[in-house]
Every structure is written in structure tokens, then in C-alpha cells.
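The values are calculated or read from the model by the stated rules, or taken from the named source; none is laboratory data. Fair warning: this is a prediction, and the values are worked out from it, not measured in the lab. As a convention, Cβ positions derive from the backbone with ideal geometry for all residues, glycine included, and neighbour counts pool all protein chains shown. Keep in mind that these areas ignore ligands, DNA and RNA; they rest on the heavy atoms of the full protein, side chains included. Shrake-Rupley method; radii C 1.70, N 1.55, O 1.52, S 1.80 Å.
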Amino acid sequence: MSLVDLRREGHVFVLTMRNGENRFNRQSLDALNDALDTVERSTGPAALVTSGEQKFYSNGLDLTWMSGDGAAEGVGFITSVLQFLGRLVAYPVPTVAAINGHAFAAGAMMALAHDFRVMRADRGFFCLPEVDINLPLAPGMTALISNRLSPIAFRDTILTGVRIGGADAREQGIVDEAVPDAEVLPRAIARAGALADKNRDVYRALKQGMYGELISRLRSGSVAPLAEAIARSGD
């Protein structure tokens, strides 16, 4: 079975992650980037919605793979993850995360890298658990979280590792909408579709103007502290 499914509903490309907890390893990251390539090669009106299946949006980095078969990639893989997040922030078409379930760690950051977020209201959590799993954040990750969250939510999500449900995430401005499960994907598609006719060159330029420093930090920032901590955790 494919790790991701990419289909089109009108002008909206819907990318569904289909790998259980949808953790990031080399294979899954390559599949995500390939899907983004396909959308970028398209012509005419377009927007992108990403989602998971069942109870997971994404649980973030595949730490088992990174401390095992992927250990040789080390810093290189973390760099690739940050570049992927930067690519989403700078993406030339409107993007909406349809957060169908748990969005943890780098999976939560993937959701934050989108322009807009729609989350399931009744089940599933948004969480940055690094304080509880003894991992630092790469500077680019911290910059992304800071850019997207209010100062209080920024402090609390990072320093407490709190799990935030959809309704509370909406109240704190982490997501734009919190809706019943059956409405998550339709609402995300509707929100994306309403923006699909925006000029891509202008959209890209506007994002660069809004988020230029963040994009640069994600594309070229240091990842050593995080990579080293993950390597130590596998010893």
C-alpha cells in the first residue's frame, strides 16, 4: 500500500497519509515530497489539503527508525525534515491541514507549517511532547512554533507538553476551526477551494515576505542538538 494517497477534488489536491501513525522516516518523507512535486507541477487553480486516517494525523519523527536503520543519516535526515517544513511554509498554493486525529511533535509542526488548520473537535490531541521525551527542538522548529502560536500558547505547549484537544486548540488560536469528525475533511477542502484561484507567483511572494526569516531558518538552520540527542537515545 502506498504511504500517501494524492487525489484531486475539483481544484483541491487532497494528500492523505496512510502509514498508521504517519511518522517521518526517509521513505515517508520522500513520498510526501513526491506528492508536493506533483501538485507544484500542476497548472491552473490549485490548493492542497493534507490529512491522515483514523486516529492519527502524524505522530512526528520515527525515532525507532532514526536510532536504528536510519542512524547513519543523522543530521542529514533532521535537515531534510526541516527543509520539508520550510517547503510547506513557502508553498506556492494555499494549504490547509485537516487534523483528523493526533498531531504530535513534528506532526504538530507539519500542521503548523500550513496556512490554515481544521481539527477534529471531539477526539485527538495537538501536542509538543519534547519536554517529556527529553529531546530539544531544532532552532527552526522553535521559530515555526513561535511564528504560529500566541506567546502564551508558545510557552505552554513547549514547556509543559500539554495535550490540547480540538475545541481548546480553536480557543487558543492554534487551529482555525474545530468541527465534528465527519466535517473535518469537507471543511478543509471548502476552505482550500475558496482560495485555489490565487495567483501562485503572488502567493509565493507574499509568503516569502511574511515568513522569509522563518523559511530561511527551516531551510538552513542548525539541527545538531536534536540529532545528537536522538543518537544518544539509541545507545
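Could we say that Val184 is within 18 Å of the chain's Cα centre (by Cα), farther than 24 Å from Val81 by Cα and not small (Gly, Ala, Ser) here? Give the steps one after another, and end with the answer.
Working: within 18 Å of the chain's Cα centre (by Cα): yes; farther than 24 Å from Val81 by Cα: yes; not small (Gly, Ala, Ser): yes.
In short, yes.
Give the residue, chosen from Pro186, Pro225, that is more than 30 Å from Glu73 (Cα to Cα), in a helix (DSSP H, G or I) and out of contact with any Ser or Thr (no Cβ under 7 Å at 6 or more places or on another chain). Lay out the reasoning, then the answer.
Values: Pro225 fails: more than 30 Å from Glu73 (Cα to Cα).
The conditions single out Pro186.
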Can you pull out every residue in region 71-101 that is farther than 22 Å from Asp37 by Cβ and without any contact (Cβ under 8 Å) to a residue 60 or more places away in the chain? Ala72, Gly101
Which numbered condition Ala196 fails, given (1) part of a helix (DSSP H, G or I); (2) at pLDDT 95 or above; (3) open to solvent by less than 90 Å² (accessible area, probe 1.4 Å): (1)
Going through region 4-18 one residue at a time, which ones are closer than 15 Å to Phe56 by Cβ and either open to solvent by less than 10 Å² (accessible area, probe 1.4 Å) or modelled with pLDDT under 95 (or both)? Leu15, Met17
Go over the candidates Asp156, Asp176, Asp168, Asp122 one by one and state the one that is open to solvent by 40 Å² or more (accessible area, probe 1.4 Å), in contact with a strand residue (DSSP E or B) (Cβ under 7 Å, 6 or more places away or on another chain) and farther than 18 Å from Val81 by Cβ. Asp176
Based on what the data block shows, is Ala105 touching a Cys at 6+ places or on another chain (Cβ under 9 Å) and either buried (at least 17 other Cβ atoms within 10 Å of the Cβ) or at pLDDT 95 or above (or both)? yes
Do we find that Arg191 is at pLDDT 95 or above and touching a strand residue (DSSP E or B) at 6+ places or on another chain (Cβ under 8 Å) in this structure? yes
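Tell me which residues, restricted to region 125-153, are part of a strand (DSSP E or B) and open to solvent by 10 Å² or more (accessible area, probe 1.4 Å). Working first, answer last.
Of region 125-153, the ones part of a strand (DSSP E or B) are 125-127.
Answer for region 125-153, where residues must be part of a strand (DSSP E or B) and open to solvent by 10 Å² or more (accessible area, probe 1.4 Å): just Phe125.
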Cβ-Cβ under 7 Å pairs, at least 6 apart or on other chains, region 27-46 side open to solvent by less than 10 Å² (accessible area, probe 1.4 Å), far side assigned to a helix (DSSP H, G or I): Leu29/Ser80; Leu29/Val81; Leu29/Phe84; Leu32/Phe84; Leu36/Arg87; Ala46/Val39
Looking at region 210-222, is at least one residue in a helix (DSSP H, G or I), farther than 25 Å from Leu135 by Cα and open to solvent by less than 40 Å² (accessible area, probe 1.4 Å)? yes
